[in-house]
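Structure first, commentary second.
Just so you know, all these numbers are worked out from the coordinates, no wet-lab data involved. The structure displayed is predicted, hence computed values, not measured ones. Methodologically, a virtual Cβ is constructed for each residue, glycine included, from the backbone with ideal geometry; neighbour enumeration extends over all protein chains shown.
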Amino acid sequence: MRILAIETSCDETSAAVVEKDLNQHITVLSNITATSMALHAKTGGIIPEEAAREQIKFILPAITSALLKSEQIKHSSTEKNFTIANEILKEKIDAIAVTYGPGLIGPLLVGVETAKTLAYSLNKPIIPVNHLLAHIFANFIQNTQHQIPNTETAFPFIGLIVSGGHTDLLLFKSLTDYKWLGGTLDDAAGEALDKIGRLLKLSYPAGPEIEERAAKVRDTNIKFKSPVINSGNFDFSFSGLKSEVARYVEKNNLTEGLINEVCYATQKAIVDVLVKKTVRASKLYNVKTILLGGGVSANAVLFDQLKYSIASEKPPIEIFAPQRTYSTDNAAMIGAFALLNYKPVVWQKITALPELYFD
Ligand code: KG4
Ligand code: ZN
């Protein structure tokens, strides 16, 4: 089965063609992502209306490119490209998947309405996808760089979603049966990194630069609290960390070296609590596997520390993170989710839901 997937929940416009074979293997034939990040970097954050206007600009070229690339056809004139893409859509694509939430309403509407129009006009099944769950399913995409979890034997597993908008722990008993264990009470982990990055005048989004700068530090006396680390539940809270860093920045003259130390202490505070609660959930529910997802899952310190913390568990717990291309927002993960949870609905039933969470 082959799916055209569309993701427009925030500042990325992404279209992908993704296929599942009889062995449940998910292969990405194309994954095209245009981003309006540079525009938002100037203001240090996303202005929703601007992000929506950018989505309108990119959506049809992204879909066209994804369809052409899936058949390894080179671009020619715009009109010819559209004609060929239309043919591919008609002949080679079995269904359309689209992110319907959560996210920004304007950007979501662009993807949802485009997908609905294509599904209606070409009479294709359409599958609405929860962006958050798709971040975890990015792990099931075939990977040339490292091993991936098995769709049949990985269960039960803990999913940790750590992105710019969300921090959530979930227990998956099967591909379709999951339970939410806890999440952030305020800012998400990535959001905290980005806000702290702004205080330190770093690039946006700040996660990669914070990781890079932290790697230059061996030790520091700076210590920031890991919020709610000792609470007995699976909640997280990161807004206090941002205030703590803000107070430190106000009181100290920041040199390059000190900025690196602040990055180190910030990353440590966030990673420590993510690791502690993920390990606790994994032991409590006797899981076989931990799957990370979302932009912050690209952080090597988070992955390595988690791996280290579960290294002596018996029976062993395996840990996976998606390939970097599929850890930040992308349409391939939307396709992967739809292929493993194939639940088409009538197009009239799909509405963009900015506040969508877990059902
Ligand atoms: O999943 P994502 O692309 O977008 C949302 O759905 O929110 O996540 C973006 C977030 C940003 O906050 C960014 O700073 C963070 O992921 N991020 C990282 C790294 N790469 C991206 N955080 C820590 N370390 C990284 N290497
Ligand atoms: Zn995301």
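Numbers at a glance
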read-out	value
Segment Asn286-Lys225, length gained on full extension (0.36 nm per residue, minus Cα span)	19.1 nm
Relative packing of peptides 252-260, 274-282 - highest average C-beta neighbours within 10 Å first	274-282, 252-260
Anisotropy class of region 256-357 from Cα gyration tensor, a/c 1.5 cut	oblate
Cβ-placed point charges (K, R +1; D, E -1), dipole of region 222-350 about Cα centre in debye, nearest 20	400 debye
Fewest-first ranking of Tyr342, Tyr326, using other Cβ atoms within 10 Å as the exposure measure	Tyr342, Tyr326
Difference of contour (0.36 nm per residue) and Cα-Cα distance, Ile56 to Lys349	103.2 nm
Rounded tilt (10° steps) of 239-251 against the dominant C-alpha axis of the chain	60 degrees
Full-extension gain in nm, Phe82 to Glu49, via 0.36 nm per residue minus C-alpha separation	9.2 nm
Inter-part distance where region 133-172 and region 216-255 are each reduced to a Cα centre, Å	28 Å
Förster radius 22 Å - calculated FRET efficiency between Leu185 and Ala246 (Cβ-Cβ, nearest 0.05)	0.70
Cα centroid separation - region 1-22 against region 266-313, whole Å	28 Å
Folded to 0 to 90 degrees: helix 105-122 orientation relative to the chain principal axis, Cα	30 degrees
Long-range HN-HN contacts of Ala97 with modeled amide H, under 5 Å	Leu4, Ala5, Ile6, Ile127
Which of His75, His166, His146, His135 has the fewest Cβ neighbours within 10 Å, and the rest in rising order	His146, His75, His166, His135
Modelled FRET efficiency - R0 45 Å, Ala300 with Leu122, Cβ distances, 0.05 increments	0.60
Taking Trp180, Trp347 and counting other C-beta atoms within 10 Å, the order from fewest to most	Trp180, Trp347
Folded to 0 to 90 degrees: helix 256-284 orientation relative to the chain principal axis, Cα	70 degrees
Beta bridges by DSSP in the chain, antiparallel share as percent, to the nearest 5	60 percent
Three-way shape call for region 246-316 based on the alpha-carbon gyration tensor, with the a/c threshold at 1.5	prolate
